[in-house]
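In what follows, a single structure is set out as structure tokens and then discussed.
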Amino acid sequence: MRDFEVYPPFRDELPLDLYGPPHLNTECRPADPAAEFIRIAKNQQKIFGIYELDRSDKGVFVIRSLIVDQANRRKGIGRWLLGHAIGVAESKGGRQLLLRSQLSKAFFLKFDFYEEETNLKYDLIRD
């Protein structure tokens, strides 16, 4: 049983500290403008995970970020957030997820993402 909930953040609840110092990983900064779907993993005390998801083309959703704070990695939170993002995309008519970043490539490859050119892709509806 997990001891956190996943839901949209309140206006003042975006966990900027999870993205690291502003000078690092500019590829992982929060989306500007804000992503269409932002979800956080939070227990009563702390936010320790986030993902950002956008619609791109018809049926294609882009994962802009999926981050779990350092102290809570390797506890299944990233897997849970990814599953949640897949569920949101499917419920909105998604057919494919796209990840344009190569950061955490090994994590995504474990979950049936595949490389195509410089992107990682995941088919929600397999042919």
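The values are calculated or read from the model by the stated rules, or taken from the named source; none is laboratory data. For clarity, every value in this text was computed on a predicted model and none was experimentally measured. Glycine gets a Cβ as well: all are built from the backbone with ideal geometry, and neighbour counts include every protein chain shown.
Points worth noting:
- Of all residues in region 62-108, those being of a type in the set (A, V, I, L, M, F, W, C) and surrounded by fewer than 13 Cβ atoms within 10 Å (Cβ to Cβ) number 2.
- Identity of the residue in region 47-69, among the acidic types (Asp, Glu) and outside any strand (DSSP E or B), that ends up modelled with the lowest pLDDT: Asp57
- Only a single item in (1) hydroxyl-bearing (Ser, Thr, Tyr); (2) touching a strand residue (DSSP E or B) at 6+ places or on another chain (Cβ under 6 Å); (3) surrounded by fewer than 18 Cβ atoms within 10 Å (Cβ to Cβ); (4) more than 28 Å from Phe10 (Cβ to Cβ) is not met by Ser56, and it is number (4).
- Among (1) in contact with a Cys (Cβ under 6 Å, 6 or more places away or on another chain); (2) surrounded by fewer than 20 Cβ atoms within 10 Å (Cβ to Cβ), the one test that Ile47 misses: (1)
- The combined condition, being farther than 18 Å from Phe4 by Cβ, at pLDDT 90 or above and under 15 Å from the mean Cα position of the chain (by Cα), is fulfilled by Gln96.
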